[in-house]
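**Student:** The structure is given below, and queries will be raised subsequently.
The values are calculated or read from the model by the stated rules, or taken from the named source; none is laboratory data. This one's a predicted model, so the numbers in the text were calculated from it and none came from an experiment. Quick reminder, even Gly has a Cβ in these numbers, built from the backbone with ideal geometry, and neighbours come from all protein chains shown. These accessible areas exclude ligands, DNA and RNA; they are computed on the full protein's heavy atoms, side chains included. Shrake-Rupley method; radii C 1.70, N 1.55, O 1.52, S 1.80 Å.
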Amino acid sequence: MSDPQQVRIFDTTLRDGEQSPGISLNVGEKLEIAEALARLGVDIIEAGFPIASPGDFEAVRTIARQVEGPVICGLARANPGDIDRCWEAVQDAERPRIHTFCSTSDIHIEHQLRSDRESVKGLTRASVAQARALCEDVEFSPMDATRADVEFTAEVLQIALDEGATTINVPDTVGYAMPMEYAAFLTRLYELVPDLRGVTLSTHCHDDLGLAVANSFAGVQAGARQVECAINGIGERAGNASLEEIVMLLHVRAQSTDGLHTKIETTEIARASRLVSRLTGYAIQPNKAIVGRNAFAHESGIHQDGVLKDRSTFEIMDARTVGLEISALVLGKHSGRAALKAALEELGYKVDGATLNAAFKRFKEIADLKKTVSAMDLEALVTDELRVAQAGWTLESFDVEASSRRPPHATVTLADPDGQPATGEFTGDGPIDAIFKAINAATGIDARLREFRVDAVTPYADALGEANVVVELGDPAAAIRTGTPGVLSGERATGSGQAVATDIIEAAATAYVRALSSAVSQAAALAEAPAEELTGTP
Ligand code: KIV
Ligand code: ZN
């Protein structure tokens, strides 16, 4: 018997979230995030859009095969090719789902689909029937529903239900609705389509007016029992409803909402949030609800005084509930390998063998420079170490001569994907420019910097620096050496890389080399099978 007050969490970090500008995750990174989502206890993972590219397909298939627990879902437009490809990607999951969609607003039907309402009904009928013949669990979304005629949307939903859809999702695609309107839209759909009571109704709200969580909550109050959301609220444009906000809203205010609740393991929230931020390169704003570094900080004297007397004076939840207070865990320079392994296990990382040895070596180097190594440092270090194995090129050594009298000059030595040394040098506008261009010279790859950021892992003067880099492979006409002998690609590929070090130039250079390696493997994949140009036309 399903629990009528349980709200299912459908996480779309890897699909709608991954569509955010500048985010390009590789298969390994997507798998790492999917495993974090499974630990978090999300009910459904929307793992990607399999038809979009060979990389997307591979990621969805890998997640379907390896991640246990949640339903694994793939997205498909309402056409036979998309649905077949989606099924191919998700079919090996313990519990697969196909999510297909078709717009019901006249704006989309006329201007994007260049079609008419009758065709939308036909596409819905055919695509849900096809998906249902392949998979027992089928979700249908009338895209741009909140700007559509509710009566027409209801007709389309009745068709989807007649063909066997098991979840109906109501997207506020452009983040235009207000909470009362969104709730009223859902209530009206329930009136017009009584069969909706027999399936799960879902919300999918975008944050263009900052109302995604408020609208999702209004939808739940109107009867929806699935919320589509993303970690840190990432997603198209202003993003999706933030998973941590809707989950904690239901958790903290359960008594005022008739016991509406989720099955999320809230203590995993902060860790999942940091992982997504680290891998996507999307920083978490300091005042972000639930996971921002100031979400539980008290600055004013009056607030500090109150919290010291009793935390409930200015806190509505305990930081430990969302896993934010792990800083009690501290190691020093005399801590041994066993203590490091135990500390990492407490943080949820099981590392052994070569990775543990490498993490221990780096821990010792850092512990020599810093008096104590905090949980945040350890987490940054181990996730960095786990990533080393994925890189094609590696940074062996570098020198940067900086002076106020002449432009900085950098020399680098890298190991190529076969372990052969490659050196390069460059005189740049600044030390970072010099070292990045020296890396281009060493690899022979024409890469252009798209994004670069350095953050401190902890808020202290001896903090580790964490660098995030996004690169794009340059001039499509130029021959690009891809690192795979003999493979040349003129496609414009992008890659992102992250790295952690006490020296921020080293962190930046390592992140750049990793970004470049990731762009090169994307270029190689594109050369083999170019990504399909996705249009809204099914
Ligand atoms: O925003 C939207 O409408 C979507 C659909 C594909 C569900 O992301
Ligand atoms: Zn969306």
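**Student:** How big is the shadow of the Cα convex hull of the stretch 1-125, averaged over all directions, in nm²?
**Tutor:** Mean shadow area of the hull around the Cα atoms is 9.3 nm².
**Student:** Any idea how far apart ALA402 and GLN285 come out in nm if each label point goes 7 Å out from Cα toward Cβ?
**Tutor:** In this crude label model, ALA402 to GLN285 measures out at 3.0 nm.
**Student:** Next question. What angle do you read, to the nearest 10 degrees and between 0 and 90, between the alpha-carbon axis of helix 212-221 and the longest principal axis of the chain?
**Tutor:** 40 degrees
**Student:** With both bridge residues required to lie in the chain, what share of the DSSP beta bridges run antiparallel, to the nearest 5%? Please list the in-between numbers first.
**Tutor:** Values: 36 of 71 bridges.
Expressed as a percentage, antiparallel bridges in the chain total about 50.
**Student:** Let me ask something else. Does anyone have the angle between helix 179-192 and the longest principal axis of the chain? Alpha-carbon axes, 0 to 90°, nearest 10?
**Tutor:** Result, in degrees: 40.
**Student:** May I pose another question? Pop a pseudo-label 7 angstrom from the Cα along the beta-carbon direction at both ARG188 and LYS364 and give the gap in nm to one decimal.
**Tutor:** Placing both labels 7 Å beyond Cα along the Cβ direction yields 6.9 nm.
**Student:** Determine the per residue accessible area of the stretch 8-280 with all protein chains present and a 1.4 angstrom probe, expressed in square angstrom.
**Tutor:** 34 Å²
**Student:** Between GLU136 and ASP433, what FRET efficiency follows from the Cβ-Cβ distance if R0 is 51 Å, with the result rounded to 0.05? Could you put the intermediate results ahead of the total?
**Tutor:** Numbers: r = 55 Å, r/R0 = 1.08.
Taking R0 as 51 Å, the efficiency between GLU136 and ASP433 is 0.40.
**Student:** State the extension gain, in nm to one decimal, for the chain segment bounded by ARG320 and GLU181, taking 0.36 nm per residue of separation less the distance between their alpha-carbons.
**Tutor:** Stretched out fully, the ARG320 to GLU181 stretch lengthens by 46.5 nm.
**Student:** What per residue convex hull volume, in Å³, comes out for the stretch 331-466 when only alpha-carbon positions are used? Kindly include the intermediate steps, with their values, before the conclusion.
**Tutor:** Details: hull volume 18.6 nm³, N = 136.
For the stretch 331-466, the hull spanned by Cα atoms encloses 137 Å³ per residue.
**Student:** Still on this structure, I have one more. How high is the relative contact order of the chain, in percent, counting Cα pairs under 8 Å that sit 6 or more residues apart?
**Tutor:** Numbers: 1155 pairs, mean separation 58.1, N = 538.
Result for the chain is 11 percent.
**Student:** Ok, one more. Over all directions, the average projected area of the alpha-carbon convex hull for the stretch 125-217 comes to how many nm²?
**Tutor:** Computed as one quarter of the Cα hull surface, the answer is 5.5 nm².
**Student:** State, to one decimal in nm, how far the label point of ARG311 lies from the label point of ASP106, with both points 7 Å from Cα in the Cβ direction.
**Tutor:** Here the modelled spin labels are 5.5 nm apart.
**Student:** Right, here's the next one. Across the chain, how many lysine pairs, 8 or more positions apart or on different chains, have C-alpha atoms separated by under 23 Å? Please give the number.
**Tutor:** Number of lysine pairs found: 18.
**Student:** So for the stretch 8-280: antiparallel DSSP bridges make up what percent, rounded to the nearest 5?
**Tutor:** Bridges in the stretch 8-280 are about 5 percent antiparallel.
**Student:** Can you compute the equivalent ellipsoid semi-axes for the stretch 8-280, i.e. the square root of 5 times each eigenvalue of the Cα gyration tensor, sorted largest first and rounded to whole Å?
**Tutor:** Ellipsoid half-lengths, sorted descending, are 26, 23, 17 Å.
**Student:** How tilted is helix 243-252 with respect to the longest principal axis of the chain? Cα atoms for both, answer in degrees (0 to 90, nearest 10).
**Tutor:** Rounded to the nearest ten degrees, it is 70.
**Student:** Distance between the C-alpha centers of the stretch 144-159 and the stretch 177-242? Whole Å please.
**Tutor:** 14 Å
**Student:** Give, to the nearest whole percent, the P(r) tail of the chain beyond 39 angstrom, counting all Cα pairs.
**Tutor:** Above the 39 Å cut-off, the chain has 31 percent of its Cα pairs.
**Student:** If you keep only loop residues by DSSP, which chymotrypsin sites (Phe, Trp or Tyr not before Pro) in the stretch 289-369 have at most 16 other Cβ atoms within 10 Å of their Cβ?
**Tutor:** Values: sites: PHE296, PHE314, TYR349, PHE360, PHE363; in loops: PHE296, PHE314, TYR349.
For chymotrypsin sites (Phe, Trp or Tyr not before Pro) across the stretch 289-369 that sit outside H, G, I, E and B with at most 16 neighbouring Cβ atoms in 10 Å, the list reads PHE314.
**Student:** Let me ask you something else. Show me 163-169, 263-269, 44-50, 463-469 ranked by packing, highest mean number of other Cβ atoms within 10 Å first.
**Tutor:** The most tightly packed comes first, giving 44-50, 463-469, 163-169, 263-269.
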